[in-house]
Amino acid sequence: MKNDISRRDFFKKTGLISAATLFDPKTLKALEPLRPQKTGRVAGRSVKTIDSICEMCFWRCLISGKVDKGRLVKIDGNPNSPSNKGKVCARGNAGVKLLYDPDRLKYPLKRVGPRGSGRWVKISWDQALDEIAQNFLRIRDTYGTQSLALFPHGSSAQFIHSFFHSLGSKSISEASYYQCRGNRDIGYKMTFGESPGSPERIDLAHADAMLFIGSHLGENLHLSQTMEWIEGLQRGAKLVVVDPRFSVAASKADIWLQIKPGTDVALLLAWTRYIIDKNLYDSEFVEKNCIGFDQLKQHIEHATIDWAAGITDLEPEKIVEAIELLTSQMPRVAIHPGRHSTWYGINDTQRTRSMAILTALLGAFGKKGGLFLKTKIGMKMCKSRLHEKPVLQPPHLLRDKWPINLPGTPTADVIDATFEDEPYPIKAWMVWGQNIMQSTPSPERTLHAIKNLEYLVVVDLLPSPATAYADIILPEATYLERYDLIIKNQHSLTPYVAYRKPMVDPLYESKDPYWITKKLAEKMGYPQAFPWNDITEVIDTSLKSIGLSRNQIDRNGGVINIPGEPYLKEDEEYHFKTRSGKIELYSNRLERLGLDPVPEYKPPQPGKTGYYRLLYGRTPVHTMSRTQNNAWLHHEAPENCLWIHPEVAKKLNIEEGQQVRLENQGRVKSGTTLKAKITIGIRQDCVYMEAMYGSPSELLKNAFKSGVSDGSLMTDRSKDPLVGTVGLRNNFVQIQPV
Ligand SMILES: Nc1nc2c(c(=O)[nH]1)N[C@H]1C(S)=C(S)[C@@H](COP(=O)(O)OP(=O)(O)OC[C@H]3O[C@@H](n4cnc5c(=O)[nH]c(N)nc54)[C@H](O)[C@@H]3O)O[C@H]1N2
Ligand SMILES: Nc1nc2c(c(=O)[nH]1)N[C@H]1C(S)=C(S)[C@@H](COP(=O)(O)OP(=O)(O)OC[C@H]3O[C@@H](n4cnc5c(=O)[nH]c(N)nc54)[C@H](O)[C@@H]3O)O[C@H]1N2
Ligand code: SF4
Ligand SMILES: [Mo]
């Protein structure tokens, strides 16, 4: 039961009196009932409950661990969580097995044999950080700041990220941006002036119609989003799914459009033209909030339904039926903005822009059941203090390669620069929470680049494939053993603040990320970079800036709700953060840059005869490569399989369950094999596998060579012309039965 309390009561109960000036009291109206951390009894034993935040994937659900005599025995969802509401997915539950994984990195290690020989010696943290500091300084002083590159991912990399940034290095590349959602964020920014955020601010629970372009919810399992999606369906929302494959989402759709891969922009433009032509769009919303409507209309004159049908391989009637279904429920239409958007390189950003434009025409921005508004929580986030002193930087040539800059540098560019020493040498990499050998296309090229490095440091929990080539390996404490993250969830209908805390003491010699980064900064001569003594002081400083404390969050059951205003009020004037202050259907900025001001359809790379386009996606019980070695999850889903259409299987003499080997268009062979799954749920021109299986790391006993690594077959490097991200779906395979 929710317990609404008055503002006065709130301040009284939480002791927030002095906070009134820091925290806008108008925004605070309710608190969940207090559910303090408690001690219970299970089978005669004393078990402690500790609230924290999951990191088995990046959705970061709120969790509660049960700890028995210092040992974590179970992870549940935190019942007070307004998002995951006491639930946890299989991966969240299996965090226990990450904590106690016998293959974990245990001590700092230094390479003694040649790169890749797998010979290391155990060293102390002091020695490891001394050596890293000396090598980073030497390389920086010899080749310049940009020669220090960082590949960060995950919450623990936030401090090192800000440190590299404040040193002046822009050679920073996040997999979760450059091979994931960078394009989407830019496509939406160019249109609405803001990205759809993470979690995506899409109101599935209250939608009357939903459109998923690729987004394969149910397999892509971000828990609260999946729960909201199901809630919407149960309320009777209509669902249109566009996917070449019969995904879990497609199985729940009213209309499934089995599109030809890479042709979504044609479909989106034809829908846009159709609703303009038939006057099915929200003209009042467009008139009030958009610019460039007439130019858009003119630019897509060619995009008829028949034109799109020819390109997408869909029936014209079905294309029309789908858009009429969506417009019939306007404006409560949730067009999922997608998350992983680096698909075909050639027009990934423009594809997401087409989705944003359609959202605008349906008047679904700022509306219940549509794309809702962010709730700003103005908390101070503690980053490297060097920011305050400008650091002289060399011109950042990599960054200036692309007309629109994402933060940092595209991964492919960092790898090329390392490989070619052009436009300047990159000589040291720090890989922190990224599996660059599997999540970056062309692993062979990555390996060549690594061989050209003078120094490689890997910070991980497990012996990921890159550790094999590292000069120094650092063992980080898992998310269950460390403080690090404060969540200010601004992208939810129910915004909240929570923080991560350890459930058990760090095992072995693993250390928390703040400690590691602060020590490294000190050893490099920057004691001022992180002035806070330890991570709890960092958390306290941030919380204090909005008048909260750890104690209050603990006493309130691990979370404090912040009331939001997610929908536009009637007659509200919303200032879009674009250059014009309006939604830009036609982009003058893109025009000035010599780019398409309105998205245009560009065909993806064609395949050769006898080859099938390689598609990939998520599986509910794994998060990419990071869970492949987890004993419980590996037990549930030890290998991936290859979806093949029955006609293709017949032609190639492949039977259900038979092992197959793959070879890509560049003659790269899959090192391992996988099982054929013969199904009409996939088109004849492509095949599909679950991503990130088949680890090449021998030290991951469960994951090693279990299934096939999709990334090992990705050698095409078609780049998005706006931002330089590499599309991962222009790879084709021949299938050989074993
Ligand atoms: N369980 C689980 N959940 C996860 C993750 C995980 O590892 N495990 N990872 C999370 C992360 S980081 C991300 S980014 C998201 C990714 O999840 P999504 O953003 O949903 O992924 P996509 O790559 O967009 O979608 C994959 C789907 O696109 C279809 N597809 C392939 N080509 C095309 C095409 O040309 N057009 C269309 N319309 N569809 C196509 C594929 O058949 C597949 O069903 O998932 C998140 N959720
Ligand atoms: N082939 C292929 N490539 C892809 C994708 C794909 O589907 N297929 N998807 C793309 C997408 S959407 C994304 S988001 C990226 C994801 O790319 P990555 O982030 O590289 O993928 P993960 O598999 O999550 O690997 C993370 C690494 O971090 C380690 N790790 C886990 N937790 C911690 C921690 O707390 N601290 C530290 N230091 N390390 C930790 C894991 O052991 C693992 O080695 O990949 C992109 N690239
Ligand atoms: S969706 Fe599952 S793995 Fe991801 S944060 Fe939530 S519980 Fe953890
Ligand atoms: Mo992602």
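Laid out as a table, the results:
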quantity	calculated
Inter-part distance where the stretch 86-140 and the stretch 653-729 are each reduced to a Cα centre, Å	28 Å
Full-extension gain in nm, Glu194 to His635, via 0.36 nm per residue minus C-alpha separation	154.6 nm
Equivalent ellipsoid dimensions for the stretch 655-736 as semi-axes, Å, which come from the Cα gyration tensor, largest first	23, 19, 11
Test item: Cα-centred dipole of the chain, Lys/Arg +1 and Asp/Glu -1 on Cβ, debye	2080 debye
Cα-based Lys pair tally, the stretch 505-660, threshold under 30 Å, eight or more apart or on separate chains	13
Ranking by accessible area, most exposed first, for His491, His302 with a 1.4 Å probe	His302, His491
Approximate spin-label separation Glu509-Glu655, in nm, with each point projected 7 Å along Cα-to-Cβ	5.4 nm
Stokes-Einstein diffusion coefficient of the stretch 298-356, Kirkwood radius over Cα pairs, 20 °C, 1.002 mPa s, in µm²/s	160 µm²/s
Rg/Rg_globular for the stretch 54-175, with Rg_globular taken as 2.2 N^0.38 Å and Rg from C-alpha atoms	1.41
Positive-end extreme of charge dipole, the chain - chosen from Ser198, Ala521, Tyr611 (charges on Cβ)	Ala521
Rg [Å, one decimal], Dmax [Å, integer] - the stretch 437-478, C-alpha atoms	10.7, 31
Solvent-accessible surface (1.4 angstrom probe) belonging to Trp402, in square angstrom, nearest 10	50 Å²
Compactness of the stretch 639-686, expressed as Rg and Dmax over alpha-carbon positions, Å	10.7, 28
Cross-link partners of Lys278 among lysines (Cα-Cα below 22 Å; sequence separation of 8 or more within a chain)	Lys238, Lys288, Lys297, Lys318
Label point 7 Å beyond Cα of Glu324 along Cβ direction - residues of the stretch 246-276 with amide nitrogen under 20 Å	253-258, 267-276
Among Cys57, Ala90, Trp120 - extreme Cα towards positive end, dipole of the stretch 53-126, charges at beta-carbon	Trp120
Unit Cα scatterers, Debye sum, the stretch 266-417: log10 I(q)/I(0) for q = 0.11, 0.12 Å⁻¹	-0.62, -0.71
Area projected by the alpha carbon convex hull of the stretch 208-260, averaged over all directions, nm²	3.1 nm²
Nearest-10 value in Å² for the accessible area of Lys451, using the 1.4 Å probe	130 Å²
Gain in span if fully extended, Lys110 to Lys85, counting 0.36 nm per residue against the direct Cα distance	4.6 nm
Cα-based Lys proximity count in the stretch 99-228, under 28 Å, for pairs eight or more positions apart or on separate chains	4
All-pairs Cα distance distribution in the stretch 491-549, expressed in whole percent, bin size 5 Å	4, 14, 20, 19, 18, 14, 7, 3, 1
All aspartates and glutamates inside 19 Å of Lys427 as judged from Cα atoms, apart from same-chain residues fewer than 8 positions distant	Asp130, Glu131, Asp141, Glu174, Asp413, Asp416, Glu444, Glu454, Asp471
MRE, 222 nm, helices only [DSSP H, n ≥ 4, -39500 (n - 2.57), over the chain, to nearest 500]	-7500 deg cm²/dmol
Convex hull volume per residue for the stretch 454-593, taking Cα atoms only, in Å³	243 Å³
Backbone HN-Hα couplings from phi across the stretch 245-257 [Karplus 6.51/-1.76/1.60, Hz, Gly and Pro as x]	10, 7, 6, 4, 4, 4, 5, 9, 7, 6, 9, 10, 9
Extreme residue, positive dipole direction of the stretch 300-362, given options Ser328, Ile311, Leu362 (C-beta unit charges)	Leu362
Size of the stretch 327-484 as Cα extents on the principal axes (Å, biggest first)	60, 40, 36
The stretch 560-678: C-alpha pair distances exceeding 26 Å, %	57 percent
Segment Arg550-His302, extension gain: residue separation times 0.36 nm, minus the distance between their alpha carbons	83.4 nm
Ratio Rg/Rh, restricted to the stretch 660-703 and using Cα atoms, in which Rh is the Kirkwood radius	1.01
Relative contact order (percent, whole number), the chain, Cα cutoff 8 Å, 6+ residue spacing	19 percent
Percent of Cα-Cα distances greater than 22 Å, calculated over the stretch 189-292	42 percent
Percent of C-alpha pairs per 10 Å bin, the chain, short to long	3, 14, 24, 27, 21, 10, 2, 0
Virtual paramagnetic centre 7 Å along Cα→Cβ of Gln528, amide N under 19 Å, in the stretch 136-179	162-169
Test item: Cα-centred dipole of the stretch 612-738, Lys/Arg +1 and Asp/Glu -1 on Cβ, debye	200 debye
Size of electric dipole in the stretch 282-385: Cβ of Lys, Arg +1 and of Asp, Glu -1, about Cα centre, debye, nearest 20	1320 debye
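The values are calculated or read from the model by the stated rules, or taken from the named source; none is laboratory data. Bear in mind that the values here come from a model prediction, so they are computed numbers and not experimental data. A quick note on method: Cβ atoms are made from the backbone with ideal geometry, for glycine too, and the neighbour counts reach across all protein chains shown. Ligands, DNA and RNA are excluded from the accessible area calculation, which covers all protein heavy atoms including side chains. Shrake-Rupley method; radii C 1.70, N 1.55, O 1.52, S 1.80 Å.
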